[in-house]
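Encoded as structure tokens, the structure appears first; notes follow it.
The values are calculated or read from the model by the stated rules, or taken from the named source; none is laboratory data. Because the structure is predicted, anything quoted here is derived from the model rather than measured. Don't worry about glycine lacking a Cβ; one is built from the backbone with ideal geometry, like all the others, and counts go over all protein chains shown. We work out accessible area using only protein heavy atoms, side chains counted, and drop any ligands, DNA or RNA first. Shrake-Rupley method; radii C 1.70, N 1.55, O 1.52, S 1.80 Å.
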Number of protein chains: 2
Amino acid sequence: MKTRERILQASLQLFNEQGERAVTTNHIAAHLDMSPGNLYYHFRNKQQIIAELFARYEAQVDDYLRVPEGRALTLTDKSAYLESAFHGLWDYRFLLRDLEHLLDCDDQLAERYRAFSRRCVDGARAIYQGLVDAGILHHELTDPDVLAVNSWLLMTGWVSYLCTSVLESGQALTPEQLRRGVYQVLAQEWPLLSDEARPAVAELLKAYHSPLR
Amino acid sequence: MKTRERILQASLQLFNEQGERAVTTNHIAAHLDMSPGNLYYHFRNKQQIIAELFARYEAQVDDYLRVPEGRALTLTDKSAYLESAFHGLWDYRFLLRDLEHLLDCDDQLAERYRAFSRRCVDGARAIYQGLVDAGILHHELTDPDVLAVNSWLLMTGWVSYLCTSVLESGQALTPEQLRRGVYQVLAQEWPLLSDEARPAVAELLKAYHSPLR
């Protein structure tokens with residue numbers, strides 16, 4: 001693996017495990033048995049590493065958050081969206097834990113995040129509209145605008161909710177707790193589902209459920 | 001007004017307007033034409049001011065977020081909850097803008113917030129159960145657990161969503177934008193409403209709606 005890539009992967013791991021604030025470039029270099037000078041040859045500072053990790057998160061979400069062309073949405077698409085959303089949350093959980101802080105330190109990143117967030121809400125709206133068009137969600141009861149914004153807020157706020165309200169001090173996040181965030185998004189759609197979609201979605205709900213405390 | 005109270009009110013105003021990070025105890029003292037020494041006589045540091053403001057926010061929310069005893073919930077109660085929620089958000093918006101940071105700086109506050117947040121989710125659950133019992137929400141479609149957690153996340157995440165995703169850099173929050181947060185909470189209940197409740201809730205939705213961008 002190239003040095004640049006090793007630095008990115010080690011940084012992501014340490015940020016996720018210890019929180020971005022607790023990890024310096026010196027920690028990252030020491031973790032890799034590398035001189036700080038070698039690290040600085042690849043990245044000017046921690047901000048640049050964070051920006052690069054954000055770009056990967058962004059690319060990952062942009063890649064899955066869209067409607068397939070030329071065919072109707074299916075329940076299989078729906079479950080793929082949920083699983084991708086879970087992986088995005090889990091793989092880059094440090095980003096969402098302390099987003100305001102990261103954006104406060106970097107105006108360019110803040111600008112980029114704003115555009116990304118708007119694009120995601122637009123993407124989510126198109127997906128909900130697709131689920132209405134496919135007859136999976138009830139067209140009279142479903143408001144894709146409301147669902148898109150609420151789902152985005154629930155997803156992006158979930159890590160921070162767990163950290164401030166659910167975990168005891170010092171406790172680490174578990175994948176099961178993040179899956180519960182996906183459950184909360186999916187559960188809001190329950191009253192909107194067509195009768196045919198209910199059995200499959202009930203199974204999905206079971207698969208993502210886990211107790212909160 | 002007593003000096004202690006003047007300090008608290010000025011701090012709240014400056015934190016809300018400029019963000020807590022941008023405001024030091026010296027700024028607060030200067031704003032009040034007061035010597036820093038006089039301010040320190042009343043509050044050891046900024047953290048103590050924040051903790052006191054949080055205690056007021058907490059008391060305000062604890063005061064309204066409960067089910068009336070001995071009678072069924074009504075739509076009037078519902079609209080009072082929403083209006084109180086809006087005022088809590090608006091009056092203490094600095095707290096919710098950068099919550100992780102505030103809690104990161106103060107372990108005691110973090111512990112207190114965790115208990116508060118759990119209490120609020122419990123309170124919201126009891127209110128949603130009350131709305132089901134009163135026949136305002138459909139008992140088969142409504143899951144008070146899901147609604148309680150989602151509403152709490154939407155409310156507490158709304159300020160941060162506006163700041164990271166909606167406002168352009170340097171733009172200030174408006175009350176209308178915070179009212180839209182209440183709209184998002186109310187709108188998720190639309191498919192669950194009894195036919196009798198719909199006309200009144202449609203009016204409420206109109207009253208809280210405002211464009212996002």
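Given +1 at the Cβ of Lys and Arg, -1 at the Cβ of Asp and Glu and no other charges, the dipole of chain A around its Cα centre is 520 debye to the nearest 20.
The trypsin sites (Lys or Arg not before Pro) of the stretch A:1-48 meeting both criteria, a DSSP state outside H, G, I, E and B (loop) and at most 14 other C-beta atoms within 10 angstrom of the site's C-beta, are A:Lys2, A:Arg44. Descending by average beta-carbon neighbour count within 10 Å, the peptides A:170-178, B:188-196 line up as B:188-196, A:170-178, the highest first.
Split the accessible area of the stretch A:1-124 by element, probe 1.4 Å, and carbon with sulfur accounts for 48%. The modelled label-to-label distance for the pair A:His31/B:Glu5, using points 7 Å beyond Cα in the direction of Cβ, is 5.1 nm. Only the Cβ atoms of Lys and Arg (+1) and of Asp and Glu (-1) were treated as charged; on that basis the dipole of the stretch A:50-134 about its Cα centre amounts to roughly 320 debye.
Since only A:Thr3, B:His87, B:Cys163 are under comparison, the one whose Cα sits farthest along the positive direction of the charge dipole of the protein assembly as shown, derived from C-beta charges on Lys, Arg, Asp and Glu, is A:Thr3.
Measuring max minus min along each principal axis, the C-alpha atoms of the stretch B:127-213 give extents of 45, 26, 16 Å (largest first). Dipole size of the stretch B:73-113 about its Cα centre, with +1 on Lys/Arg Cβ and -1 on Asp/Glu Cβ: approximately 280 debye, rounded to the nearest 20. Which one of B:Leu99, B:Ala115, B:Pro144 has its Cα pushed farthest toward the positive end of the charge dipole of the stretch B:98-183, where Lys and Arg give +1 and Asp and Glu give -1 at the Cβ? The residue sitting most towards the positive pole is B:Pro144.
Diagonalising the gyration tensor over the Cα atoms of the protein assembly as shown and scaling each eigenvalue by 5 before taking the square root yields semi-axes of 35, 32, 18 Å, largest first. Give the calculated FRET efficiency between A:Gln108 and A:Arg198 to the nearest 0.05, with a Förster radius of 60 Å applied to their Cβ-Cβ distance. Here the calculated transfer efficiency is 0.85. The angle between the Cα long axis of helix B:75-91 and the longest principal axis of the Cα atoms of chain B comes to about 20 degrees, rounded to the nearest 10.
Counting only other chains, and only Cβ atoms inside 10 Å, what mean value do you get across the residues of B:167-179? Kindly include the intermediate steps, with their values, before the conclusion.
On the way: counts 1, 2, 5, 0, 0, 0, 0, 0, 0, 0, 0, 0, 0.
Partner Cβ neighbours, averaged per residue: 1.
Counting Cβ atoms of other protein chains within 10 Å of each residue's Cβ and taking the mean over peptide B:190-199 gives 2. Loop-located chymotrypsin sites (Phe, Trp or Tyr not before Pro) across the stretch A:89-165 with a Cβ neighbour count of 11 or fewer within 10 Å are lacking, with loop assigned by DSSP.
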